[in-house]
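The values are calculated or read from the model by the stated rules, or taken from the named source; none is laboratory data. Being a predicted model, the structure only gives us computed values, none of them experimental. Here Cβ is always computed from backbone atoms with ideal geometry, including for glycine, and neighbour counts include all displayed protein chains.
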Amino acid sequence: MMQDLRLILIVVGAIAIIALLLHGLWTSRKERSSVFRDRPHKRLKQREEADEDLLSEEDDGVGEVRVRRPRDADEEPEFTARPASAPRAPEPVRQPASRQADPLLGDPLLDNEPDVRKPAAPQAPVAKPAPAPAPQPIQADPLLDNEPLSATQPAPEFLAAEEPEFEPEAPVAHQPEAPQPAAAAPGSKKEAVLVLHVAAHAGGELNGEALLQGILQAGFQFGEMNIFHRHLSPAGSGPVLFSLANMVKPGSFDPDQMGNFSTPGVSIFMMVPSYGDANQNFKLMLQSAQRIADDVGGVVLDDERRMMTPQKLETYKTRIREVIG
């Protein structure tokens, strides 16, 4: 029985100890949480109290200063007389300075200056009537009127004498001059020839039969001067837009002998101005040259027989604009 009681007491004691420990931990955590929660409120309260203390100190300080000044003046009359005289000295000095400034601005001095200026004011209007002698030319008008009258009277006499002398000669001289500008007008028109080349690669030649097929597929028709022409209509009707010639002199072709023919290249040229839109005609010529070059395995060259570049195309367009205006 004794052992059972001991075990029970030990267990109960252990449980009590554990309960106390748990209760202590729980209370400590609760206090910590409350501390952390109250900290911002405490800080705000402390700041408010500090601000109130500062305000109260400032108020006290101002009150003390106001109270000390009369006490110092009462307790030490000897020393207060000296500082009082020091500030009083600049005050009377300032007062006479302002008083001196007042007499300086006073009427006697200013009255003397405007008195001197007042006679100067009439001098300006005295100078203004100086241009009044302008009525003098009014007297000279009758004299001038008499002179032009005398001069104008003989003038018509000379004119009347000169006019009949030159009248018959003037129309004769102007009649031949009129057609001269008309003749110069057509000569002043600008013209330009734009040239493209379709050539074989370096050291090679184009096959005549393949070349003939490519030329015909591009819309050219064999015609005048024994060369090929591209008309407005691919069927061969309408005005000629551009032409194609052999690069080798004399530049002509023989369609019947094209099967046994070879050439280093051909030249395509267009006159500007031409029928229709010159820019569109040039684009069509460039497309035709590129198509023929693709068919015969050649390359398109510019008028200097160099590879065509975008910069060179811009030069062609500028030349067209210069001619067309």
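Quick rundown of the values:
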read-out: Number of the exception - E314 against (1) in a helix (DSSP H, G or I); (2) surrounded by 17 or more Cβ atoms within 10 Å (Cβ to Cβ); value: (2)
read-out: Selected residue (criterion: farthest from A278 (Cα to Cα)) from residues of region 228-244 that are of a type in the set (A, V, I, L, M, F, W, C) and surrounded by 19 or more Cβ atoms within 10 Å (Cβ to Cβ); value: F228
read-out: Pairs where the first residue, in region 301-325, is over 23 Å from A200 (Cα atoms) and the second is acidic (D, E) and outside any helix (DSSP H, G or I), C-beta under 9 Å, 6+ apart; value: T315/D302; V323/E191
read-out: Meets criteria (among the hydrophobic types (A, V, I, L, M, F, W, C), farther than 14 Å from L194 by Cβ, in contact with a helix residue (DSSP H, G or I) (Cβ under 7 Å, 6 or more places away or on another chain) and touching a residue at least 40 places away in the same chain (Cβ under 8 Å)) for L232; value: no
read-out: Any hit, region 261-279, residues being farther than 19 Å from E224 by Cβ, modelled with pLDDT under 95, among the charged types (D, E, K, R) and outside any helix (DSSP H, G or I); value: yes
read-out: Number of the exception - M258 against (1) closer than 17 Å to A210 by Cβ; (2) loosely packed, with under 12 Cβ neighbours inside 10 Å; value: (2)
read-out: Counted residues, region 272-300 - those being within 19 Å of L211 (Cβ to Cβ), free of Cβ contacts under 8 Å to residues at least 60 places away in the same chain and in contact with a helix residue (DSSP H, G or I) (Cβ under 7 Å, 6 or more places away or on another chain); value: 0
read-out: In region 260-282, the residues that are under 11 Å from V323 (Cβ atoms) and hydroxyl-bearing (S, T, Y); value: S274
read-out: Qualifying positions in region 186-227 - small (G, A, S) and either within 18 Å of S262 (Cβ to Cβ) or part of a loop (DSSP other than H, G, I, E, B) (or both); value: S188, A199, A200, A202, G203, G204, G208, A210, G214, A218, G219, G223
